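Heads up: the structure comes next, in structure tokens.
The values are calculated or read from the model by the stated rules, or taken from the named source; none is laboratory data. Bear in mind the structure is a predicted one, so any value in this text is a computation, not a measurement. No Cβ is skipped: glycine too gets one built from the backbone with ideal geometry, and neighbour counts run over all protein chains shown. To get the accessible areas, we keep the full protein, side chains included, count just its heavy atoms, and leave off ligands, DNA and RNA. Shrake-Rupley method; radii C 1.70, N 1.55, O 1.52, S 1.80 Å.
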Amino acid sequence: MIKEKIAEWIKRYRMIAIVKGVGSLYIEDTIKALYDGGIRVVEITLQNEDSLKSITKIRKSNMGGKIVCGAGTVMNSQQAHSAAVAGAQFISCIHSDEDLINEIKGIDKVCIAGALTPTNIISAKESGADFINIFPVVSVTPDYFRQIKSPFGDQLLFAVGGIDLSNAYSFLRAGAFGIGVGKNLVNPRFIKEGNYRAITEEAKKYIEIINSIV
């Protein structure tokens, strides 16, 4: 898919499953479990070379045309380029560095920048980020989104970092465009136990919440 279609895909589904610490040996079963639960966008947190291998495996698997896969916690241009070579369709950072955002745009990838304060949001927006993660969202309350909805109403803000089944609805209802969910969805214990069905069932609950927001 071209960049514009990737952005539209993310807009359509409004939820990103953040996969961290899952070895490439288990990544295909994990992605299949997420897909069966309704997830259509996944982000692989970059930790080492195996994370890049996971991205490549997803893109080359039979899930490659059914799910959008990006790289997360990208900290510098070298990681951004490595992720792109591995096949990442979007690049997500936890900060709003202008040079890195421009680098991501330069390699024609959808950019999701990280921000927390209004100053961060402005910086990410003016640098050209396609989406902005409010991270870590546990540092604020859902009312934060109500407060920033007016000045940043045209910006697509995701709530990321501490989202679970108990607060996802509140953040979305308050004005978050979408959510990113990590270990509260892809629980390492489920992987260790080979309980992929549990991941599918958890995913369905989040999708139900997303669909309940008009």
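Observations on the structure shown:
- Of the accessible area of segment 1-143, computed with a 1.4 Å probe over protein heavy atoms only, carbon and sulfur atoms account for 48 percent.
- Burial ranking of peptide ranges 172-180, 119-127 (average Cβ count within 10 Å, highest at the top): 172-180, 119-127
- Residue ranges 78-86, 157-165 sort as 157-165, 78-86 when ordered by packing (mean number of other C-beta atoms within 10 Å per residue, highest first).
- Dipole in debye (nearest 20) - the chain, about Cα centre, beta carbon charges: Lys, Arg +1; Asp, Glu -1: 580 debye
- Placing a label point 7 Å from the Cα of residue 154 along the Cα-to-Cβ direction, the residues of segment 100-138 whose backbone N falls under 12 Å of that point are 126.
- Distance between modelled label sites at residue 26 and residue 48, nm, 7 Å Cα→Cβ extension: 1.4 nm
- Above-threshold pairs, the threshold being 31 Å between Cα atoms, out of 60/205; 3/205; 105/192; 32/125; 53/149: 105/192; 32/125; 53/149
- Residue separation of residue 208 and residue 5 scaled by 0.36 nm, minus their Cα-Cα distance, works out to 70.7 nm of gained length.
- Across the chain, the mean sequence separation of Cα contacts (distance under 8 Å, 6 or more residues apart), normalised by length, yields a relative contact order of 21 percent.
- Under the simplified labelling scheme, the residue 36-residue 78 pair shows an inter-label distance of 4.0 nm, with each label point 7 Å from Cα along Cα→Cβ.
- In a DSSP loop and with at most 13 other Cβ atoms within 10 Å, the trypsin sites (Lys or Arg not before Pro) in segment 26-111 are 66.
- Between residue 187 and residue 99, the FRET efficiency from the beta-carbon distance, with R0 = 41 Å, is close to 0.70.
- Surface analysis of segment 40-109 yields an accessible area of 43 Å² per residue, using protein heavy atoms and a 1.4 Å probe.
- Charge sum, other residues only, whose C-beta stays under 15 Å from residue 145's C-beta, Lys/Arg counted +1 and Asp/Glu -1: +2
- Cβ-based net charge around residue 38, under 13 Å, with every Lys or Arg adding one and every Asp or Glu removing one: +3
- As a calculated quantity, the FRET efficiency between residue 108 and residue 12 at R0 = 22 Å, using C-beta atoms, amounts to about 0.60.
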